[in-house]
Amino acid sequence: MPDKHTYRADNIFAKILRGEIPCHKVYEDEHALAFMDIMPQAEGHTLVIPKQNAMNLFDMPEDRWGPYMQCVQKVARAVKAGMNSEGLLIQQFNGSAAGQTVFHLHFHLIPRWEGVPLRRHTGEMEKPAVLAANAERIRAAL
Ligand code: 5GP
């Protein structure tokens with residue numbers, strides 16, 4: 001998909017924010033929404049998006065980072081604790097050349113365990129029951 005040069009309100013995450021597409025929600029406040037990645041690279045792979053319309057890191061207003069990153073940290077702690085992971089990988093892509101496929105800013109929170117390989121980015125779709133169970137584990141750790 002070519003890079004967009006302006007934010008588009010028809011991107012998938014904007015639709016999730018507006019409630020037009022369902023998600024397995026983990027956390028929401030006035031600044032951000034966290035939900036399960038539908039094609040997880042590991043068990044418990046969670047996305048945190050700002051409510052601010054921003055395509056990527058470069059597009060996010062400087063004064064909006066504080067509350068958003070506080071939410072990223074809060075959810076990251078819950079993902080690690082809820083999934084009982086040994087480590088946590090945080091990824092954030094800017095532009096299609098860097099691997100970005102959805103043009104609404106997001107951080108990937110990906111639990112890691114020694115010896116468990118990372119699955120492919122945007123690979124296999126996960127079963128809804130598995131996403132629901134992992135979301136519940138993470139919510140319980142918030
Ligand atoms: P990006 O490639 O832009 O960094 O990440 C986009 C992520 O969104 C991918 O990991 C992909 O699996 C995930 N994704 C794509 N479409 C949907 C969707 O409709 N719902 C959810 N929950 N995740 C999605």
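Against the chain, whose longest principal axis comes from its Cα atoms, helix 128-140 is set at around 90 degrees. Taking only the Cα atoms of segment 87-134, the ratio Rg/Rh comes out at 0.99, with Rh defined as the Kirkwood radius. Annotation: amide H of Leu33 within the under-5 Å range of Ile49, Lys51, sequence separation 5 or more or interchain, hydrogens built in the peptide plane. What residues from segment 44-66 fall in the zone where the backbone N is under 18 Å from a label point 7 Å along the Cα-to-C-beta line of His31? Under 18 Å, as judged by backbone N against the label point of His31, lie 47-66 of segment 44-66. Helices in the chain, meaning DSSP H runs of at least 4 residues, each add -39500 (n - 2.57). Divided by all residues, the mean residue ellipticity at 222 nm is -8500 deg cm²/dmol.
Report, to the nearest whole %, how much of the accessible area of the chain belongs to carbon and sulfur atoms, 1.4 Å probe, protein only. Percent of accessible area from carbon and sulfur atoms in the chain: 54. In segment 98-121, which residues have a backbone nitrogen under 16 Å from the label point lying 7 Å from Gln92's Cα in the Cα-to-Cβ direction? It comes to 98-110, nothing else.
Note on the chain: lysine pairs with Cα distance below 18 Å, sequence gap of 8 or more or different chains, count 8.
Peptides 86-95, 41-50 ranked from most to least packed, by the mean per-residue count of other Cβ atoms within 10 Å: 41-50, 86-95.
How many percent of all Cα-Cα pairs in the chain sit more than 20 Å apart? In whole percent, the share of Cα-Cα pairs in the chain beyond 20 Å is 44.
Packing around the peptides 32-39, 51-58, taken as the average count of other Cβ atoms within 10 Å per residue, puts them in this order, highest first: 32-39, 51-58.
Please compute, over every Cα-Cα pair in segment 1-85, the percentage with a separation greater than 19 angstrom. Above the 19 Å cut-off, segment 1-85 has 42 percent of its Cα pairs. Distances between placed amide hydrogens fall under 5 Å for Leu105 paired with Ala54, Met55, Asn56, all partners being 5 or more residues away or on another chain.
Might you tell me the accessible area per residue for segment 2-141, computed with a 1.4 Å probe and given in Å²?
For segment 2-141, the solvent-accessible area averages 53 Å² per residue.
The angle between the Cα long axis of helix 65-83 and the longest principal axis of the Cα atoms of the chain comes to about 20 degrees, rounded to the nearest 10.
Can you give the net charge of the other residues whose Cβ lies under 10 Å from the Cβ of Ile110, counting K and R as +1 and D and E as -1? Residues close to Ile110 contribute a combined charge of 0.
The values are calculated or read from the model by the stated rules, or taken from the named source; none is laboratory data. Everything numeric in this text was worked out from a predicted model, so none of it was measured. In this analysis, Cβ positions are derived from the backbone assuming ideal geometry, glycine residues included, and neighbour counts consider all displayed protein chains. In case anyone asks, the SASA skips ligands and DNA or RNA and just uses the protein heavy atoms, side chains included. Shrake-Rupley method; radii C 1.70, N 1.55, O 1.52, S 1.80 Å.
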